[in-house]
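The next block holds one structure in the form of structure tokens; read it before the comments.
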Amino acid sequence: MSMIVAVPSEHPGGLTARLSPHFGHCEPFTLVTVDGDQVTDVLVVPNTGHAKGGCLEPVLFLSEKGACVLIASGMGMRPLSGFLDAGIMVLHDGGAQTVGDAISEMARGQLQSFNSERTCGGGGSCH
């Protein structure tokens, strides 16, 4: 069964792109369709942008794109709650450097859930 995994990426996106340090401030999202441990499609979409307090815009956008998993480095509590409310599982990137590395680690079951202890104050100040 295939699923769409969203990964906040640095420009230009894609499997070789570096992960963005904060989900809401990435330039593009790389949407990776995964079937088992195989990548079957890669789509790069621009971030809808998010102004301060507009943390749920990217959540709604990714939900509309069919994402059921998000792999992220950092985010605030409000978007994390939004993703969970939307039924999108959020995983911490575990220090992966590229989108492809994060997808591989997810397929091997090496990424942990992104919980409230991993959240930051938001606004791109996670690291």
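The values are calculated or read from the model by the stated rules, or taken from the named source; none is laboratory data. This structure is a prediction, so every number in the text was calculated from the model and none was measured. Don't worry about glycine lacking a Cβ; one is built from the backbone with ideal geometry, like all the others, and counts go over all protein chains shown. Surface accessibility is based on the protein's heavy atoms, side chains included, excluding ligands, DNA and RNA. Shrake-Rupley method; radii C 1.70, N 1.55, O 1.52, S 1.80 Å.
The set of residues in the range 88-103 that are in contact (Cβ under 8 Å) with a residue 12 or more places away in the chain, open to solvent by 40 Å² or more (accessible area, probe 1.4 Å) and either closer than 13 Å to Val32 by Cβ or in contact with a helix residue (DSSP H, G or I) (Cβ under 9 Å, 6 or more places away or on another chain) (or both) comprises Met89, Gly94. Of the helices (runs of 4 or more DSSP H) lying entirely inside the range 1-118, the ones with 1 or more residues being in contact with a Phe, Trp or Tyr (Cβ under 9 Å, 6 or more places away or on another chain) and polar (S, T, N, Q) are found at 56-64.
Candidates in the range 50-87 are the residues that are modelled with pLDDT under 85 and among the small types (Gly, Ala, Ser); of these, the one that is surrounded by the most Cβ atoms within 10 Å (Cβ to Cβ) is Gly76. For the range 16-29, filtered to residues that are modelled with pLDDT of 95 or more, buried (at least 18 other Cβ atoms within 10 Å of the Cβ) and out of contact with any Leu (no Cβ under 7 Å at 6 or more places or on another chain), the residue that is nearest to Gly100 (Cα to Cα) is Ala17.
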